[in-house]
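Reviewing the structure listed below.
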Amino acid sequence: MKYPGLIFICLLAIQPALAQVKDFVFSGHTVKPGTRTSFEVKLPNPDGDSALLPFTVIHGRKAGPVLGLIAGIHGYEYPPIMTLQALPAHIDPQELTGTLLILHIANVAAFSGRSVYLNPADKKNLNRSFPGNAGGSITERIAHFIATTVFSRCNYIIDNHGGDASEDLHGYAGYYRYGSQTAVSGEMAAATGFDWITPADIKPGPGEHSMYCNREAAMQNIPAITIEYGKLGNVSQEDICVYTTALLRVIRYLHMLPGTSPPVNQPMYINTRASIKSNHTGIIHTTMKSGELVRKGMKLGFITGFTGQHLEDIISPVDGVIIYLLATPPVNKGETLFSFGVLPGP
């Protein structure tokens with residue numbers, strides 16, 4: 001060996017830098033720098049309904065922020081769930097700066113039970129249950145665990161969703177304008193590469209709960225975004241590819257992985273939303289698709305009773321674009337038929 005002294009000096013220089021990266025400890029599990037570990041956290045419930053939360057932690061060799069990635073808040077939204085199954089294979093812990101804290105499926109009971117919106121154990125919607133309750137039903141306990149144990153470890157959050165079993169949805173990234181996290185959240189949303197961005201304001205009243213996972217993160221002043229992509233409870237390799245690309249773009253934007261993402265076209269910002277709810281229970285008839293333009297007063301479809309009698313026409317209340325619509329025949333009174341992004345007037 002020509003230069004043993006020089007190699008020894010280089011090793012001495014490298015070791016302190018590596019020593020600065022501590023083990024990542026989460027819920028009783030320890031992850032060494034430059035490694036990954038998967039495990040389940042059990043949330044007991046004295047009423048008998050427990051929950052298993054499946055996690056993967058990818059702890060980078062280099063010190064940096066913690067990004068929380070959550071899927072399966074709604075168990076029938078498969079594209080984000082399957083994306084977080086695939087994502088770890090794209091991450092080399094030796095190249096990662098910081099830590100990815102991945103909650104693969106927040107609502108395993110809903111996923112396993114093929115339940116739309118609700119946890120079958122207590123019939124509650126996890127994304128209407130934040131900040132949760134440590135002594136509540138199992139859905140409230142899951143929300144509380146995420147809002148406390150998970151969020152307390154994260155510098156950034158991405159809450160991943162998609163069109164549920166009945167929803168035809170156009171993909172977008174959303175964030176909340178609230179406190180000092182707003183600017184970074186907006187940049188994270190833009191970094192996804194989606195062509196629609198949906199900011200929303202938070203103006204909580206006295207005693208008002210956050211309700212939504214991403215809203216809770218924003219109210220804790222954690223930069224956070226929601227990604228919505230996929231439709232009608234389906235999942236394809238193309239869906240997973242689009243979703244994975246969006247997540248990797250954000251991870252690179254946060255300088256947690258080397259390299260840069262290719263630029264995208266300027267997205268459309270949807271600052272105002274509107275919706276139509278059904279006045280009847282029956283059957284919806286429409287040929288409209290998500291992403292289509294609509295005009296105020298335009299007929300979008302109609303609702304009939306179970307024997308075919310006409311009950312109501314569906315008329316657009318705004319000039320805008322269809323973010324999502326109810327795209328399967330059954331409809332219940334009070335359900336959202338269409339959600340719109342309102343386009344600014346001339």
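The values are calculated or read from the model by the stated rules, or taken from the named source; none is laboratory data. Just so you know, these numbers come straight off a predicted model, no measurement behind them. Cβ sites come from the backbone with ideal geometry, for glycine too, and all protein chains shown count toward neighbours.
Structure summary
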quantity: Selection within the stretch 234-289 - of a type in the set (Gly, Ala, Ser) and either under 30 Å from Pro330 (Cβ atoms) or touching a Phe, Trp or Tyr at 6+ places or on another chain (Cβ under 9 Å) (or both); calculated: Ser236, Ala246, Ser261, Ala274, Ser275, Ser278, Gly282
quantity: Count - residues of the stretch 105-117 that are under 16 Å from Ser38 (Cα atoms) and either of a type in the set (D, E, K, R) or buried (at least 24 other Cβ atoms within 10 Å of the Cβ) (or both); calculated: 1
quantity: Pairs where the first residue, in the stretch 39-61, is surrounded by fewer than 14 Cβ atoms within 10 Å (Cβ to Cβ) and the second is β-branched (Val, Ile, Thr), C-beta under 8 Å, 6+ apart; calculated: Asp47/Ile138; Leu52/Val41; Leu52/Val108
quantity: Which listed residue is hydrophobic (A, V, I, L, M, F, W, C), within 25 Å of Leu326 (Cβ to Cβ) and touching a residue at least 40 places away in the same chain (Cβ under 8 Å), from Leu100, Leu126; calculated: Leu126
quantity: Yes/no for Tyr175 being among the aromatic types (Phe, Trp, Tyr) and either under 22 Å from Thr97 (Cα atoms) or outside the structural domain of Gly113 (by TED's automatic domain parsing) (or both); calculated: no
quantity: Matching residues in the stretch 285-313 - criterion: being surrounded by 16 or more Cβ atoms within 10 Å (Cβ to Cβ) and among the β-branched types (Val, Ile, Thr); calculated: Thr286, Val294, Ile303, Thr304
quantity: Strands (runs of 3 or more DSSP E) wholly inside the stretch 129-243 containing at least 3 residues that are in contact (Cβ under 8 Å) with a residue 60 or more places away in the chain and surrounded by fewer than 22 Cβ atoms within 10 Å (Cβ to Cβ); calculated: 196-201
quantity: When residues of the stretch 253-270 are limited to those that are among the polar types (S, T, N, Q) and touching a residue at least 24 places away in the same chain (Cβ under 8 Å), the one surrounded by the fewest Cβ atoms within 10 Å (Cβ to Cβ); calculated: Asn265
quantity: Some residue of the stretch 68-87 being within 22 Å of Gln20 (Cβ to Cβ), assigned by TED's automatic domain parsing to the domain that holds Lys124 and not hydrophobic (A, V, I, L, M, F, W, C); calculated: no
quantity: Filter pass, Asp92 being in a loop (DSSP other than H, G, I, E, B), under 26 Å from Gln20 (Cβ atoms) and assigned by TED's automatic domain parsing to the domain that holds Thr245; calculated: yes
quantity: Residue match in the stretch 153-169 (condition: at positive phi and hydroxyl-bearing (Ser, Thr, Tyr)); calculated: no
quantity: Every residue from the stretch 165-213 that is β-branched (Val, Ile, Thr) and within 15 Å of the chain's Cα centre (by Cα); calculated: Thr192, Ile197, Thr198
quantity: Hits in the stretch 49-104 (condition: of a type outside the set (Val, Ile, Thr), under 25 Å from Glu167 (Cβ atoms) and touching a Cys at 6+ places or on another chain (Cβ under 7 Å)); calculated: Gly68
quantity: Sole residue being farther than 23 Å from Gln220 by Cβ and hydrophobic (A, V, I, L, M, F, W, C), chosen from Phe151, Phe111, Phe130; calculated: Phe111
quantity: Considering residues of the stretch 22-79 that are polar (S, T, N, Q) and not in a strand (DSSP E or B) only, the residue modelled with the lowest pLDDT; calculated: Asn45
quantity: In the stretch 53-79, the residues that are closer than 29 Å to Glu238 by Cα and hydrophobic (A, V, I, L, M, F, W, C); calculated: Leu53, Phe55, Val57, Ile58, Val66, Leu67, Leu69, Ile70, Ala71, Ile73
quantity: Members of the stretch 313-346 that are of a type in the set (S, T, N, Q) and under 20 Å from Trp196 (Cβ atoms); calculated: Ser316, Thr336, Ser339
